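The values are calculated or read from the model by the stated rules, or taken from the named source; none is laboratory data. All of these numbers come straight from a predicted model, not from anything done at the bench. Every residue, glycine among them, receives a Cβ derived from its backbone with ideal geometry; neighbour counts consider all protein chains shown. Remember, those area values only see protein heavy atoms, side chains included, never the ligands or the DNA or RNA. Shrake-Rupley method; radii C 1.70, N 1.55, O 1.52, S 1.80 Å.
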Amino acid sequence: MLRLTSRVAIALAVVCFSMITPAGSGHCEGIVTGGRDAPETGYTLGPNLLVNGDLRSGLQGWTLNPSCFSLEGSGDTASLRLQQPCAEPYPFAQNALKCPPGLYTISAEIKTQTNITVPKRLGGSRIRLIEIPANKWAMTKPVVGTTDWSPVMKAHAEVADGSVGSFRAETVGPVAGTSWFRKLLLQPELPPPLETYLLYPNYRGMMFSDQSQVARVSIDVKPPADTTMAQLHVKLEVTDPGGKVLSTNRLSPPANGSTVATIDMGSLPPGQYRLQGYLEGPDDKRIFTPSSYTIVKVSSETRAKMKAWIDSDNIIHMGGRPRFVIGLYDTTGFGLRPQVYTPRLTAIAKAPINLMINYFIANGRADVIYPYTQAMEPFGIFYLATVSAFFPEMRAYPRWAQAGNVPPDQVITQYAKGLAGDSRVVGYYTCDECASERQPRTFHQYGLIKQNDPASITFAVENFPNEYQFWRDTVDVLGVDPYVLGTRFPESYVGDLTRKVIGAVHGARPVWTVIQFFWQNRLSHFPTEQELHDISWMAITEGARGVFYWSYGLRGLDWGKRDPVLRQQRYDELVNVTKGISALEPVLIAPDSPVLSANSATGTVITKEKNLKDGSRYLISYNHSGDSVTAIFTLRRSARAVSVEGENRSIAPYQGGSGFKDTYAPFQAHVYKID
């Protein structure tokens, strides 16, 4: 997300607080959780595909401006030298390679004797992989002011289908001085021979007694060199804590290597079980062993002790009932009494917000959270505590922990223990647009949270579309923040990225989409009520189980605080949009079921269908295109009337009630109630 780099610095200054009683007890003692036992392994890198990436053949294979770039050294010491300023305002050296679609790791060593000529501007030397014609890219963090060789690397750089990739060495921003690049690499990422992904149980490996007792596992096989798919088979073993094998499933993968296996655990008593997959070849030789899962069979009565959990339909339960999440980010300071927060929460609660994140209150002290959640309780709002900066090298690492040299494991452990009994703290915000390099440490943090606050959830928001799959077992809920206003992307990109992250988790984990509620740049504008409506319903149509709005605070709505009338007007527009969503919460948490038999604009008008048990039907939809579209919908069951939610209009069905038609403006969303 677009974030302040010092966003929690204010809250970190306090090191001593008075104790305040939590808002309510979560009663989570004795709850055991499972899930993936260790990060996934097995990914390897292929050969360097760059033409003359080591520069041993001089400048062969590189296109560059010789007034800016030159070759320095030879053999092992060869490097590209870039001197700025030069004849080009934005110089780059481009490799001749045109790499095909796939995932790649790009890396190099960079040395600089540079500075940024405009104070407070970001910039430096970097490498970048550009997708053409998609006009997307992945790059390393800029390097500036170094005097020795520094390694840089970006994993999971994607070239999407229909594009080719071009590799560049370059600078970004107002750079002056000399940069050197050497050991330039672009390597394909090779997936492991076997990937297993637990589809169900979908929440921390917990298999409740009143839900299905059949585990489902997604299996993807990539034959290693010198083997064929026909020679391979997958073995799935269920063992008890002592290692005794209780069941074995053996299956042959299909020609494309992808399938879903089921394991019936109905006969097993409550307890912990280990699910382990193996890839075996000829003569049952074991080729690869992915990380295992722990499945915990528990009584449905356990949920009565849980302040939050996620059901098999990916719906979060908070306060003892299922909820469609309507969330809000805020950036306030802290207070030691609930009354400090009440006026602001009163204003916020004009919208039906049920979940909040406030990363200015993120100093790792539970006693600071208690008055905040106490103030939330009358408004029915729950809270996700921010822990995304709980790593010592980060600027926002709690100052009391820095001063006392307290390690991050101890910080997160005591924080989760302290918040476990607060019924309003339903979970933790663990990553804010983190690159995949942070994933292993976040996975470790996730384990500590599960151990110390088992009846909770964790939420991370990622903005690297090609990295979603690497986070799917690292958090309970995965988020995406496709901010489109003021960018080169159309509004429908919100739907595209929501759909992509749901695909990455195979529809087996909740996805919450963060909606732009701020003015991004001088080319942008603050979202209108219509835009908020349309992009919110885009995400919902594509399957989001919640929407968050960034942000009520700094860099968000508070940018309009110099004009309090305009600020209130903008929030009132969000109130209108979220009230429309909240009014349909029973519909949104109900399972999808077919309503249409035909859609004349299939592929352009995207739909979600709800055929409820009481006979009512809803069609949630949006126009994916930037053109006006008229869609004709044919119903499976005839209708007497069709009304358009939130638009104060109705549509007369065709004679006989077989269907209806409507027109969509570019990127417009409509929600229909069909009687």
Residue 28 vs (1) modelled with pLDDT under 95; (2) surrounded by fewer than 19 Cβ atoms within 10 Å (Cβ to Cβ): all pass except (2)
Taking first residues from region 594-614 that are outside any strand (DSSP E or B) and second residues anywhere that are open to solvent by 30 Å² or more (accessible area, probe 1.4 Å) and among the β-branched types (Val, Ile, Thr), the pairs with Cβ under 9 Å that are 6 or more apart or on different chains are 595/607; 600/630; 600/632; 600/634; 601/630; 601/632
Q. Hey, does region 409-416 have a residue that's farther than 18 Å from residue 456 by Cβ and in contact with a helix residue (DSSP H, G or I) (Cβ under 9 Å, 6 or more places away or on another chain)?
A. yes
Scanning region 461-480 for residues that are modelled with pLDDT of 95 or more and open to solvent by 10 Å² or more (accessible area, probe 1.4 Å) gives 472, 473
When every residue in region 138-162 that is assigned to a strand (DSSP E or B) and either open to solvent by 50 Å² or more (accessible area, probe 1.4 Å) or in contact with a Pro (Cβ under 8 Å, 6 or more places away or on another chain) (or both) is compared, the one nearest to residue 106 (Cα to Cα) is 153
Exactly one of 582, 621, 625 is in a helix (DSSP H, G or I) and under 25 Å from the mean Cα position of the chain (by Cα), and that one is 582
All-but-one check, residue 124 against (1) open to solvent by 40 Å² or more (accessible area, probe 1.4 Å); (2) on the phi > 0 side of the Ramachandran plot; (3) more than 24 Å from the chain's Cα centre (by Cα), failing number (1)
Of the conditions (1) open to solvent by less than 30 Å² (accessible area, probe 1.4 Å); (2) outside any loop (DSSP other than H, G, I, E, B); (3) of a type outside the set (S, T, N, Q), the single one that residue 518 does not satisfy is (2)
Discussion item. Take the conditions polar (S, T, N, Q), in contact with a Lys or Arg (Cβ under 8 Å, 6 or more places away or on another chain) and not in a loop (DSSP other than H, G, I, E, B) and apply them to residue 650. Does it pass?
Written reply: no
Going through region 187-203 in order, the residues found to be closer than 30 Å to residue 108 by Cα and open to solvent by 10 Å² or more (accessible area, probe 1.4 Å) are 187, 188, 189, 190, 191, 193, 195
Residue 109 vs. criteria touching a strand residue (DSSP E or B) at 6+ places or on another chain (Cβ under 6 Å), among the charged types (D, E, K, R), more than 24 Å from residue 468 (Cα to Cα) and surrounded by 13 or more Cβ atoms within 10 Å (Cβ to Cβ): yes
Residue hits (region 79-106; of a type in the set (Gly, Ala, Ser), open to solvent by 10 Å² or more (accessible area, probe 1.4 Å) and in contact (Cβ under 8 Å) with a residue 40 or more places away in the chain) are 96, 102
Exactly one of 326, 353, 295, 287 is open to solvent by 10 Å² or more (accessible area, probe 1.4 Å) and touching a Gly at 6+ places or on another chain (Cβ under 8 Å), and that one is 287
Of the conditions (1) open to solvent by less than 50 Å² (accessible area, probe 1.4 Å); (2) in a loop (DSSP other than H, G, I, E, B), the single one that residue 165 does not satisfy is (2)
Of (1) closer than 14 Å to residue 667 by Cα; (2) among the aliphatic types (A, V, I, L, M); (3) outside any helix (DSSP H, G or I), residue 544 satisfies every one except (1)
